[in-house]
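What follows is a short report on a single structure.
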Amino acid sequence: MAIQPTMIRCVLVCMVLSIVFGGTVALADTARAEPKVWVSAGIKGAIGGNRITEAEDKDIYVPDLGTEPAGDVLLPFMDGGGGTGGGGGVFGEVRILRQHLGLEMDVLFDANKTWYEVVAPDSVQMNYILKYAFIRLPLLLKVNLKTGATRFGFCIGPEFRFGLWARTDVEVTENEELVTGEELSAIRSTMSIRKRNDVGLTWGVSLGFDASPMEITLDLRFSHALSWPEEYGKRVKIEIRNRETLYAYQAGHSLDGRMLLGIAWGFSR
């Protein structure tokens with residue numbers, strides 16, 4: 001018996017309807033199964049480096065040089081400095097839109113050591129050292145691309161730093177035998193430091209690995225202290241007392257980079 005064209009059309013229409021209906025049901029089931037919000041909280045450890053940029057006003061007035069600008073005389077940290085920093089703390093993150101958009105807030109303790117190399121007479125090399133610590137509170141907007149159990153993202157947002165403590169030190173790195181303890185103590189007595197608060201901009205990239213219900217995170221971040229002064233005269237207060245030049249530093253730096261490794265407990269709803 002020959003198959004009528006009308007019967008063929010009916011079969012094709014039924015097939016198309018079944019595919020469309022079945023696909024719609026499957027998408028609806030997926031939508032119902034897909035959580036709307038992902039939340040995670042955990043701990044992070046951080047390590048990295050710091051940078052004090054070159055001061056904009058090298059031609060500052062120095063009391064013991066009279067009323068003439070300093071000219072070619074370089075004072076400690078005038079042409080910048082570098083160091084290390086790191087710490088750790090807790091964090092929480094909320095993600096929506098199938099984890100493509102997120103918001104993270106951290107509470108991190110961050111200890112820093114920044115130094116400036118000085119070459120004294122007789123080729124004695126010293127490091128003038130600033131040690132200080134912050135509580136760092138970054139609030140980061142995150143845009144993520146998720147593939148399977150891996151999540152790659154970009155983050156940016158403000159960061160608030162609150163100074164905890166600060167102190168100075170001097171280390172002799174070369175020809176230490178030529179410097180007496182009294183001389184070293186005298187140099188240390190000319191240095192002081194004051195803790196400070198700063199506001200910065202933080203940005204970076206992140207990786208997340210889902211090992212449900214645990215998550216492992218890896219971040220590479222950079223931060224610019226927007227409130228850190230660019231003028232040397234605002235970073236360091238210089239005073240002459242009893243024929244000695246005293247330097248009162250501010251605790252902080254211009255730029256830093258951190259690598260952070262974290263572990264979190266995640267859940268969704």
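Given a Förster distance of 45 Å, report the FRET efficiency between residue 156 and residue 245 from their Cβ-Cβ distance, rounded to the nearest 0.05. Could the numbers behind the result be given before it?
Working: r = 42 Å, r/R0 = 0.93.
E(calc), rounded to 0.05, equals 0.60.
Candidate cross-link partners of residue 195 among the lysines, defined by an alpha-carbon separation under 23 Å and a same-chain spacing of 8 or more, comprise 113, 131, 234, 237.
What's the FRET efficiency of residue 36 with residue 143 using the Cβ-Cβ distance as r and R₀ = 25 Å, to the nearest 0.05? Mind showing how you got there, number by number?
Details: r = 18 Å, r/R0 = 0.72.
Efficiency computed from Cβ-Cβ geometry: 0.90.
Name all residues of the stretch 151-166 having a backbone nitrogen under 13 Å from the label point set 7 Å from the Cα of residue 268 along its Cα→Cβ direction, giving them as ranges. So the set is 151.
Only the Cβ atoms of Lys and Arg (+1) and of Asp and Glu (-1) were treated as charged; on that basis the dipole of the stretch 97-229 about its Cα centre amounts to roughly 960 debye. Approximating the spin labels as points 7 Å out from Cα along Cα→Cβ, the residue 97-to-residue 54 distance works out to 4.2 nm.
Here residue 36 is the anchor, and the lysines within straight C-alpha reach of less than 17 Å, apart from those fewer than 8 places off in the same chain, are 142, 146. Backbone N atoms of the stretch 143-180 closer than 20 Å to the 7 Å Cα→Cβ label point of residue 107 belong to residues 158-165.
Averaging the Cα positions of each part gives two centres, and for the stretch 157-220 and the stretch 84-146 these lie 8 Å apart.
By the Stokes-Einstein formula, at 0.692 mPa s and 37 °C, the stretch 35-268 with its Kirkwood radius over alpha-carbon pairs has D equal to 166 µm²/s.
Readers should treat all values here as calculations from the given coordinates under stated rules, not as data from a laboratory. Since the structure is predicted, the reported quantities are computational estimates derived from the model, not experimental observations. Cβ atoms come from the backbone with ideal geometry, glycine included; neighbour counts cover every protein chain shown.
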